[in-house]
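Peer 1: I'd like to ask some things about the structure below.
The values are calculated or read from the model by the stated rules, or taken from the named source; none is laboratory data. Predicted model, so just to flag it, every value in this text is computed and none were measured. For neighbour counting, all protein chains shown are included, and Cβ atoms are generated from backbone atoms with ideal geometry for every residue, glycine included. The area values use the complete protein model at the heavy-atom level, side chains included, leaving out ligands, DNA and RNA. Shrake-Rupley method; radii C 1.70, N 1.55, O 1.52, S 1.80 Å.
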Amino acid sequence: MHSFRLLGLTLLALISIACEDERPGPAPPTPAPATSASEPAAPPAKPHRPPPTREGGALVRAPDAPVLYLAHEDLDVVRRIELPFFASSKATEIPMPGPPASVLALDGRVLVTVRTDPGLLLILRPDEAAGLVETARVELPGDAWGLAVTADEQTALVTSAWTHQISAVDLQTGRKLWSRDVAREPRGVTITADGRAYVSHLTRATLTRVTDLRAEPEVTEVPFTAAPIRVVPGMEDRASLGYTAIPSPDGERLFFPRRALGAFGKEAWNGQATVDVMLLASETSLASRPEKVLNMWTGDFQRTTGQLFNTVPRDLTTTGPGPIQKQAPFIQPRAAIYRARTDTLLIASEGTDELVELDALAIDPSIKALRRYATGSYDTKTHTSTCAAPSGVALSEDEDTAYVFCRASHALRTIPLRRVGKEAAPEGERLALANDPLSEAGARGRQLFYNAHDSLLSDGFGCAGCHPEGRDDGHVWRQEPGSWSFMHAYSFSTEDELKRGMPRQTPMLAGRVAAGGPYGWKSESSSLRLRVVTGFSIHRWLGGSAGEQEGIDASKDLVVFLREGLRPPIRRERPLTAAEERGRAIFNSADTGCTDCHVPKTEHTNRRALTLGKWPIDPKRDEPEPDDDWAFRTPSLRYVGGTPPYYHDGSAPTLAALIDHNGSRMGVTTGLSPDDRRALVAYLETL
C-alpha cells in the first residue's frame, strides 16, 4: 500500500515537472544596446510634467523648472525669472515682436500670444543662455490675447480681443486649424477635460462655448447671469472686466471673476465685483435667482430733482435678494488662480493693489474675503504704490507663496500666504523689473488710471473700471441731472421715480484724445484736463470732489498717460477693397454730408455739439435732457467698428442698424441703396 502511494506521488511530481517545463518562462532581459566608449548610454526619459495651470496669463510658473515667465506687455518683452528671486535678482529679457498678452508654460515648451496684426501665437523652447528660443510662429486674427490648451496639450485656443475671434492651433504642427467670429472683446478661455471651451468677454455676462475643437467647431452663446442673487431685474447680462476664466481642480466648476454692473449693494453706483460659479454638468450658476426680488431703499437714500444731500443721517443701507455689501472685497478683478490645498481663490484686485483670497466652495465667493494681502505700500500724497495694479498671479509648487506682477509699477512680488488659523507670514520680496518708459508724469498717470482706492480721486473705481485698456466697457451708464450730477450703473423706477438718470454710453479713450477739447457728451468740458477733474466728482456715488490742488496735479499726470501711455487698438495698413472704396466715396460725398461733422483730419470729429432733434426715451428708465437740450458732441469715428453700441444711449446695436435707421439725422443716408449702405458700413469699419 505504501509502495503504491509513493509511486503515485512520484508520478504526480514527474507530471508536474513536465508541465512546468512546457510553461513559458519569464522573458529574458533585453540586452542593452552596444555603445562605444565615446558614446555613453542615453539617460532614461523624464516623466511628463503637467503644467500648474492650462490657462495662460500675464504670469505663470513652469512645470519643469523653478522658473516664472512674465508677459510684460507695456515693454514688449517676456521675462524669465528664476526661483526663488530676491530684490537683487536679474530677470532674463526676451524681446517679442509686439506686446505679449498671455504666456503659458508647458513641459519643454512656452506659448506666448502677441497683440499685433496679424496676431501671433509663438511656440518657444526654454534655453539656458537666451531664456527662450522661438520654434514656431502662427499667424492669427489681430490682437491675439487669451490662451488655453487641451488636457492632452496638443491643441491651443487663442482669443483675439479687438477682432472678436477665437482660433485653434495644432501645437504639434504649428498650424492654425480654424478661426471663428464671436461677440466683441473675448478674453479669458478655459478648456474642460472633455474638450469644451468657455470664453469670457470684457463687455457682457454671456459666455461663448466652443465644442469639437479639432474638427468643425460649434460656437454657441451661453447666457450666464452676473451675481444672480444680487442683480437688478433686467440687468442679468450686464457685466464687464471678464478677463479670466479658471476651473476647479475636480473639473466640476468654472469661476468667472468680473464686474456685475446690475448688482445691489451699499454705495453700488457702479455695480459690484463678483465671482460667478458655473456648474459644468448643467451649465447653470451655482447661485440661483430668488423667486421674488425685494428692492427697498431707506428714506434718506432717496432723492428728488435738485436735492442731493438730506438733513437726516445718511445710512445708504439697502435690502435686496442677497447679502449686501458696502464695497466688494476686490475691485477691478484682473487675474485669478485656484489654491487647491485650501480650496480658495486668489484674485488680483487691480484697483486696490491687493491679492484677495476667497472661499472657492461658497455659493457666492465674492461676498466676503477670507484674507487680503497688500501687494505694495500706498503713498497718499503722491497717489502711487510700490506694487500697483496687480495683473498676474502664480503659485509656488507647495502653494504657500503667491507671485504677483504689478503692471503699473513694473514690479514682481512674493506674498507668503497665511495658513488657516495662523498669523501672516513676514513680508515677501519685491523685484523691480524695469523703469517706466513714460515720463515721470506719465508713470504717475499710469498708476492713477488703475487706482480705485484713493478717497479723493477715485473713491471706489479706477478709470480702468469703465475704460479697460483705454477701451470701453460697452455699457450705458446713468448721469443724474444738476450741477452736482453723478453716475450710476443702472436705472429703475419706483412710485417716486428714483434713480433713472440720463443715458451716457462709455466712450473709448485710446487713440481718441489727442485733441485739445472740448470733451464730454455735451461738450461741457473745454479740455481733457477739465474733463478728468470733472470725472473725479461725477464718477462716484455721492458726487463730492477731489481737493482743488490735488485734483489739478493728478489731472495733469493722468492726461499725459491717456495721450502717451494708452495703446490704440491694432489696425493693419492695407489697400481698401472695392466695397470699402465705394463706402469712402459715399462718406466723403457732399450729398451725404458725413464729413461736415466727422472731419477726417481731426480724428473724424469737429468736436462740436450737434442737435439731433428730440430723442425718444422710455420715461420709466430715462430722464429727459435738462432744458430739452438734445445736442450731443460729435463723437470720433476712429476705431468705430469695434465699439458698439452707438449713440449716447446705445440705442443702435450695430453700425448697420445705425445707418439703416439714420434717415437725415446725421448726414443724409435716406436715399442710399442697400448695397451702398453696406459699402458705407464696410468703410466705417476701417477707420
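Peer 1: Between beta-carbons, use under 13 Å as the cut-off and find the net charge around Cys594, counting Lys and Arg +1, Asp and Glu -1.
Peer 2: For residues surrounding Cys594, the net value is 0.
Peer 1: Scale the Cα Rg of the range 33-172 by the rule-of-thumb value 2.2 N^0.38 Å and send over the ratio, two decimals.
Peer 2: The reported ratio for this selection is 1.15.
Peer 1: Could you tell me the distance between the Cα centroids of the range 104-133 and the range 556-632, to the nearest Å?
Peer 2: So the two Cα centres are separated by 39 Å.
Peer 1: Between Arg621 and Asp237, what FRET efficiency comes out of the Förster formula 1/(1 + (r/R0)^6) with R0 = 22 Å and r the beta carbon distance, rounded to 0.05?
Peer 2: Calculated value: 0.90.
Peer 1: Same structure again: Please compute the Kirkwood hydrodynamic radius over the range 221-295, one decimal place, Å, based on all pairs of different Cα atoms.
Peer 2: With all distinct Cα pairs of the range 221-295 included, I get 12.7 Å.
Peer 1: Please give me the summed charge of the neighbours of Leu566: other residues whose Cβ is under 10 Å from its Cβ, Lys and Arg +1, Asp and Glu -1.
Peer 2: Net charge in that neighbourhood comes out at +3.
Peer 1: Moving to a separate point now. Starting from the range 74-107, pick out the trypsin sites (Lys or Arg not before Pro) whose DSSP state is loop and whose Cβ has at most 15 other Cβ atoms within 10 Å.
Peer 2: When the trypsin sites (Lys or Arg not before Pro) of the range 74-107 are filtered for loop state and at most 15 Cβ neighbours within 10 Å, Lys90 remain.
Peer 1: A follow-up question, please. For the pairs Lys522/Lys556; Lys90/Lys556; Lys556/Lys620; Lys556/Lys601, flag any whose C-alpha to C-alpha distance is greater than 28 Å.
Peer 2: Violating the 28 Å limit, Cα to Cα: Lys90/Lys556; Lys556/Lys620.
Peer 1: Taking a 1.4 Å probe, which of Lys522, Lys620, Lys46, Lys176 shows the most accessible area, and what order do the others take after it?
Peer 2: Lys46, Lys620, Lys176, Lys522
Peer 1: If you stretched the chain out fully between Lys601 and Arg418, how much longer would it get, using 0.36 nm times the residue separation minus the C-alpha to C-alpha distance?
Peer 2: Length difference between fully extended and current span is 60.2 nm.
Peer 1: Two decimals, Cα atoms only, Kirkwood Rh: what is Rg/Rh over the range 89-175?
Peer 2: Result: Rg/Rh = 0.96.
Peer 1: Let me ask something additional. Given a Förster distance of 60 Å, report the FRET efficiency between Glu221 and Asn435 from their Cβ-Cβ distance, rounded to the nearest 0.05.
Peer 2: So the FRET efficiency works out to roughly 0.85.
Peer 1: Could you derive backbone 3J(HN,Hα) for the range 557-572 from the dihedral phi with the Karplus parameters 6.51, -1.76 and 1.60 (θ = phi - 60°), listing whole Hz in sequence and x where the residue is Gly or Pro?
Peer 2: 5, 5, 4, 4, 5, 4, 8, 10, x, 7, 8, x, x, 5, 7, 7
Peer 1: Using 1/(1 + (r/R0)^6) with R0 = 41 angstrom and r between the beta carbons of Lys556 and Asp181, what's the FRET efficiency to the nearest 0.05?
Peer 2: For Lys556 and Asp181, the calculated efficiency is 0.50.
Peer 1: Moving on to the next point. For the range 247-263, just list the computed ³J(HN,Hα) in residue order, Karplus coefficients 6.51, -1.76 and 1.60, θ = phi - 60°, integers in Hz, with x standing in for Gly and Pro.
Peer 2: Listing the rounded values in order: x, 7, x, 7, x, 8, 9, 10, 10, 10, x, 5, 10, 8, 6, x, 7 Hz.
Peer 1: Same structure, new question: Please list, in chain and number order, the residues 5+ apart from Thr206 or on another chain whose amide H is under 5 Å from its amide H, with Hs placed from the backbone.
Peer 2: Phe224
Peer 1: Given points 7 Å out from each Cα along the Cα-Cβ axis, report the Asp628 to Lys90 separation in nanometres with one decimal.
Peer 2: That separation, rounded to one decimal, is 7.4 nm.
Peer 1: Can you run phi through the Karplus equation (6.51, -1.76, 1.60; θ = phi - 60°) for the range 175-185 and list ³J(HN,Hα) in whole Hz, with x for Gly and Pro?
Peer 2: Calculated HN-Hα couplings, in order: 10, 6, 8, 6, 9, 9, 7, 9, 5, 5, 6 Hz.
Peer 1: Once amide H atoms are built 1.01 Å from N in the peptide plane, which residues 5 or more positions from Gly188, or in another chain, come under 5 Å H to H?
Peer 2: Residues meeting the criterion, in which the H sits 1.01 Å from N, are Ser200, Thr244.
Peer 1: Tell me whether the range 540-687 comes out rounded, prolate or oblate; compute the Cα gyration tensor, take square roots of the eigenvalues as a ≥ b ≥ c, and use a/c under 1.5 as the rounded threshold.
Peer 2: Note, shape of the range 540-687 comes out oblate.
Peer 1: A follow-up question, please. Within a Cβ distance under 12 Å of Ala514, other residues only, what is the Lys/Arg minus Asp/Glu net charge?
Peer 2: +3
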